[in-house]
């Protein structure tokens, strides 16, 4: 007779005539099945317990509606149906000096400021950024464009619209929300972004901002340029007076000494002395040769001695004119030569300095009469063809994600307090 053993699910496990090994395997399999059934029953019990807990707390559905459903719904309605389209115009530019490389030198000794422009480009870039967000720029643009009308029309949604009767301080704050700037530290490139509710108005605003900012940057350097011109003019006048004084001194010395050029006169005297000495040497040689054959009273010997004597007197007279310290001497070429050399060197220096100052003055005057810096457009502004703001799907998704986090935090807080 066989005995049938069944597991908890009603399936037969083994009969009495099975072997011991088969019965052991069957029992082990039965135990595993019982364990799986038990775990599944525990899981179902936990789920039912959680569901019963949730159903037992009436605040959780209210929190779900208030923290998640309502914010997401409101965000979807606003960004999907109400929010006005904004058109973005972007421009990228950099400040560049409107000067050649030769004008970018550092300050020199004649009172000019040639290096001011190149040294202030970086600073002027930061000045431009601050001016774009300032009240003076808004006030200037209000005289040229209907700024408040652009942002206060009835077609703009209430949340984005600016109230026309608000003071200028509020409008500047609103302006900074619609106009943004940033600068790249390495290249100095400035990015200007303008948000408006009409593509043509966005482009017009961008162009007006660029034009006024460029005018302002060049305007703040007007005083520096005018000071450079005035300083160069004063230095030019002093250099001219110095050169005129030296020239008058040289003319007075010529009149007093009776020579036009002491150096040339001295060179001529030295040349004459050299020729006279050469002639004297030749005569002395002839005299020595003649004394061998002729007596001292011969006519030939007397003439040679007379000629040599005349040459010696001439040489001595010319040398005395060049170096004598006799106060009765009318012309002392050595003293005159020293004075002329000193005045000549001073005159050359004065003329060179005058030429240098004159060149610096002309350069400063030209710089003052023209634009020093200009905006080099890297990405010029163009009219937008489609609205880029607001990014509706992104904003709705962010609101939904934030609402979900808010609901999760509210549930955790509710469990901790309950």
Selection from the stretch 73-98 of residues part of a helix (DSSP H, G or I) and in contact with a helix residue (DSSP H, G or I) (Cβ under 9 Å, 6 or more places away or on another chain) yields 74, 75, 76, 78, 79, 80
Of the residues in the stretch 360-383 that are surrounded by fewer than 14 Cβ atoms within 10 Å (Cβ to Cβ) and farther than 30 Å from residue 206 by Cα, the one that is modelled with the lowest pLDDT is 366
Considering residues that are within 17 Å of residue 211 (Cβ to Cβ) and over 17 Å from the mean Cα position of the chain (by Cα), the number found within the stretch 120-145 is 12
Only one of 32, 135, 36 is surrounded by fewer than 17 Cβ atoms within 10 Å (Cβ to Cβ), at pLDDT 55 or above and in contact with a helix residue (DSSP H, G or I) (Cβ under 9 Å, 6 or more places away or on another chain), namely 135
Next item on the list: For the stretch 291-305, state whether one or more residues are closer than 30 Å to residue 342 by Cα, at pLDDT 70 or above and either surrounded by 15 or more Cβ atoms within 10 Å (Cβ to Cβ) or in contact with a helix residue (DSSP H, G or I) (Cβ under 6 Å, 6 or more places away or on another chain) (or both).
Entry: no
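So which helices (runs of 4 or more DSSP H) stay within the stretch 140-229 end to end and still have 3 or more residues that are within 26 Å of residue 124 (Cβ to Cβ) and either free of Cβ contacts under 8 Å to residues at least 40 places away in the same chain or out of contact with any strand residue (DSSP E or B) (no Cβ under 8 Å at 6 or more places or on another chain) (or both)?
168-178, 199-219
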Selection over the stretch 244-260 where residues are surrounded by 15 or more Cβ atoms within 10 Å (Cβ to Cβ) and at pLDDT below 75 yields a count of 5
Of the listed residues (281, 209), the one being surrounded by fewer than 16 Cβ atoms within 10 Å (Cβ to Cβ) and at pLDDT 80 or above is 281
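The values are calculated or read from the model by the stated rules, or taken from the named source; none is laboratory data. This is a predicted model, so every value here is computed, not measured. Reconstructed Cβ throughout: ideal geometry from the backbone, glycine too, with neighbour counts over all protein chains shown.
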